[in-house]
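Right, one structure below, let's go through it.
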Amino acid sequence: MPPTARFVLGPLAALLMLVTLARGQQVDLSPKFEKGQETRFQMETSSTSSSTVGKNAAEKNTMKMEVRFALRVKDTNPETGATVDLVYERVKVAATMGTDTVEFDSDKPASRDAGDEIGPLMRPLVGMTLTLTIDPLGNITSVSGGGELSALSPGASLGRAAGVKQLIGPIFSPKKSPGKVSVGQTWENVDTLDTGMMGAFRMITKHTLRSITDGDARVSFTGTIEPSSEAPGVGGMEIKNSRYDGEYVWDTERGMLDGMTTKMSLRLGGDIAGTAVSTTSEGETKITRLGR
């Protein structure tokens, strides 16, 4: 073999060996809880939707919301899981509905809520405490509290069990991972949810562990939303097209999410009381752990 070939193949062989070792490296994506631990997160959501009813022109709506919250571990048991208080500390909302614009910032004095359309609906969220029961795998099994938040509030889902499980759940569990996983490994899970308008539907998500660096596991995911076979099209609306994808970083030392970004698109269509209705929405959600 010519010397130049050996010079090239030497580093190449070393690189291939490193790649092979990296792909075989395993990491534990299980959650960890410590009594008395307090962690803060910032969640930012933005969405744009367009709805058409009959022959009327489409109406466009947008909403941006920022929520800062604290998680305080009250009790933990390796066999039964943990009890965690979720405390909302700040909320900021800016929304447009057709030609109307509304804004709210909980850092501003409550006296400014007078005459505000969403101020009285959002203010009760600030300082509200929910108690979460979490199993050893990181799944939220129960949510108590939050009854004081109006169903008309733009943040109503943050005070309901289903909404908390969907939005806050990923902090404790990286989408039901199989525990220890290797770089390059892929796994899939299916979640069944239920809403009044769409009925029951399934979220099918595929995850892939991309890399491990200094204890941080980087995982990408992609998924679709489809109606349940038992009750497709309940409420007159059906899912015509859907997709979501993103990435999260799991801190294996803390056993907790460090950051997550999700993008989603959804198109619904159907017939309500004899009138054709269609809705298209695009959204993005970011969750960031503060003060790491």
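The values are calculated or read from the model by the stated rules, or taken from the named source; none is laboratory data. None of the values given here were measured: they were computed from a predicted structure. When we count neighbours, we look across all protein chains shown, and the Cβ atoms used for this are built from the backbone with ideal geometry, even at glycine. Heads up: the accessible areas ignore ligands, DNA and RNA and are worked out on the full protein's heavy atoms, side chains in. Shrake-Rupley method; radii C 1.70, N 1.55, O 1.52, S 1.80 Å.
Quick rundown of the values:
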| item | result |
| --- | --- |
| Within segment 262-292, considering residues that are farther than 30 Å from residue 172 by Cα and of a type in the set (A, V, I, L, M), the one most open to solvent (accessible area, probe 1.4 Å) | 273 |
| Only listed residue being β-branched (Val, Ile, Thr) and surrounded by fewer than 18 Cβ atoms within 10 Å (Cβ to Cβ), chosen from 99, 83 | 99 |
| Meets criteria (within 25 Å of the chain's Cα centre (by Cα), within 26 Å of residue 219 (Cα to Cα) and outside any strand (DSSP E or B)) for residue 44 | no |
| Filter result for residue 150 (among the hydroxyl-bearing types (Ser, Thr, Tyr), touching a strand residue (DSSP E or B) at 6+ places or on another chain (Cβ under 9 Å) and either over 22 Å from residue 44 (Cα atoms) or loosely packed, with under 15 Cβ neighbours inside 10 Å (or both)) | no |
| Tabulated pairs, segment 55-82, first touching a residue at least 24 places away in the same chain (Cβ under 8 Å) and more than 19 Å from residue 169 (Cβ to Cβ), second open to solvent by less than 60 Å² (accessible area, probe 1.4 Å) and not polar (S, T, N, Q), C-beta under 6 angstrom, 6+ apart or interchain | 59/98; 63/95; 64/94 |
| Residue match in segment 126-141 (condition: open to solvent by 70 Å² or more (accessible area, probe 1.4 Å) and in a strand (DSSP E or B)) | yes |
| Test: residue in segment 240-250 that is open to solvent by less than 70 Å² (accessible area, probe 1.4 Å), modelled with pLDDT of 90 or more and more than 17 Å from residue 189 (Cβ to Cβ) | yes |
| Filter result (more than 23 Å from residue 105 (Cα to Cα) and open to solvent by less than 50 Å² (accessible area, probe 1.4 Å)) within segment 57-75 | 73 |
| Hits in segment 154-179 (condition: modelled with pLDDT under 80 and open to solvent by 20 Å² or more (accessible area, probe 1.4 Å)) | 154, 175, 176, 177, 178 |
| The one condition in (1) at pLDDT below 85; (2) open to solvent by 90 Å² or more (accessible area, probe 1.4 Å) that residue 24 fails to fulfil | (2) |
| Pair list, Cβ under 9 Å, 6 or more apart: segment 29-45 residue within 24 Å of residue 66 (Cβ to Cβ), other residue open to solvent by less than 80 Å² (accessible area, probe 1.4 Å) and hydroxyl-bearing (Ser, Thr, Tyr) | 37/76; 41/288; 42/288; 43/285; 43/288; 44/285; 44/288; 45/285 |
